[in-house]
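The values are calculated or read from the model by the stated rules, or taken from the named source; none is laboratory data. On a predicted model such as this, the values are computed, not experimentally measured, just so you know. With ideal geometry, Cβ positions are generated from the backbone for all residues, glycine too; neighbour counts draw on all protein chains shown.
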Amino acid sequence: MSSEPHSTVIVTPVYEDAEASSRLFKELAGEFGNQIYVIAIDDGSVRQPLNVSCISQAGLSGVLIKLKRNVGHQRAIAIGINYVADHFPNSNVVVMDSDGEDMPQTIRPLLQLLEAPEVDVVVAQRKSRVETLRFRIFYFVYKWLFNTLTGQKISFGNFMALKPVAVKRLAFMQELWTHVAGCVLISKLRIVTCSLDRGARYAGKSKMNFVSLALHGFKGLMIFAEDVLVRVGIACSIVAALAVVGSFVALVLKVLGFATPGWFSVVVGILLLVFLQTGALTLVMLMLTGVIRSSLGIKVPHQDFIESIAHAQTQDQH
């Protein structure tokens, strides 16, 4: 590793996307030269494994961390952030995708906002997207559901800039391994948003299908398990109370003779099922919350996932 300090470190996960990431490195070099240090995490690629020469040939200094297996986008970022916390404790960090959708020329606005003393994290909020109608509908529903269940608004992804204090805090949080954006929200760090356009992929197709995208979204809800439990519990309590009130009303109507034969039994039976189901849902949510929180508390050293680390240097550093 280079012993020189680096004011900005780029953390980017790569999975079966060597062509796109190679172009990213070239554009980063054209935009910043040797002012940045790149940490690329090869997330267990088999068909298109990334080579460290892609970084050095672009004219950048950096390191390629190869993982023993595919751990997923969020865990790969978590490993990169933990690596930075260990080796570059005084550097700002930019987390970005390697496929071109996070454009290198939009990094400077993030870093400019990060200079403010009252800011710890700057996140990219998309002004424009090139997405399918199905994705836009799903994303709209997801944001509404996320806000309803957690009380938090999520309008950003992984593209963000972090101060050293933010890097150290996030590296210590187990939620980072589940959902990066959710972890930033729950970290209590001072966050500002920066509206940026989303770029087009350099090459290939996204590895995220609809199922994996939906799973990623629900992992964000896992971070706020207690908040979700409280809100679901309140909703279930209201429904259960309404079921009791409805049963009482049905009993009054029965006594007063307004109910037709068999109507009272059907209504009370349905309301009883509603009452029992809301109670069961609350119990299940309580149990799942306990399981989720206990699993988030398990500390797994990031070094255990690393197979090899290769360093790249520019020609003038050899």
Q) Given the residues Gly44, Gly62, which is the only one that is in contact with a strand residue (DSSP E or B) (Cβ under 8 Å, 6 or more places away or on another chain) and under 26 Å from Met222 (Cβ atoms)? A) Gly44
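Within region 159-197, which residues are assigned to a strand (DSSP E or B) and hydrophobic (A, V, I, L, M, F, W, C)? Reasoning before the result, please.
Taking region 159-197 as the starting set, the residues that turn out to be assigned to a strand (DSSP E or B) are 159-162, 191-197.
Across region 159-197, the qualifying residues are Phe159, Met160, Ala161, Leu162, Ile191, Val192, Cys194, Leu196.
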Q: Of all residues in region 72-109, count the ones that are surrounded by 20 or more Cβ atoms within 10 Å (Cβ to Cβ), in a helix (DSSP H, G or I) and either of a type in the set (A, V, I, L, M, F, W, C) or at positive phi (or both).
A: 7
Q: Test Ile238 against the stated conditions and say whether it is exposed (fewer than 12 other Cβ atoms within 10 Å of the Cβ), more than 30 Å from the chain's Cα centre (by Cα), within 30 Å of Leu149 (Cβ to Cβ) and modelled with pLDDT of 75 or more.
A: yes
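Only one of Phe218, Phe248, Phe258 is farther than 30 Å from Val184 by Cβ, within 48 Å of the chain's Cα centre (by Cα), surrounded by fewer than 14 Cβ atoms within 10 Å (Cβ to Cβ) and not β-branched (Val, Ile, Thr); which? I'd like the intermediate steps shown before the answer.
Values: Phe218 fails: farther than 30 Å from Val184 by Cβ; Phe258 fails: within 48 Å of the chain's Cα centre (by Cα).
Selected residue: Phe248, the only one of Phe218, Phe248, Phe258 that is farther than 30 Å from Val184 by Cβ, within 48 Å of the chain's Cα centre (by Cα), surrounded by fewer than 14 Cβ atoms within 10 Å (Cβ to Cβ) and not β-branched (Val, Ile, Thr).
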Q) Within region 277-294, can one find any residue that is part of a helix (DSSP H, G or I), modelled with pLDDT of 75 or more and within 30 Å of Ile77 (Cα to Cα)? A) no
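Would you check if Leu271 is at pLDDT 80 or above, loosely packed, with under 15 Cβ neighbours inside 10 Å and outside the structural domain of Thr148 (by TED's automatic domain parsing)? Talk me through it step by step, then tell me what you get.
On the way: at pLDDT 80 or above: yes; loosely packed, with under 15 Cβ neighbours inside 10 Å: no; outside the structural domain of Thr148 (by TED's automatic domain parsing): yes.
Taking the combined requirement at face value, the residue does not satisfy it.
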Q. Can Leu149 be described as at pLDDT 80 or above and in contact with a Phe, Trp or Tyr (Cβ under 8 Å, 6 or more places away or on another chain)?
A. yes
**Q.** Among the candidates Ala214, Ala203, Ala259, residue that is at pLDDT below 80 and not assigned by TED's automatic domain parsing to the domain that holds His73
**A.** Ala259
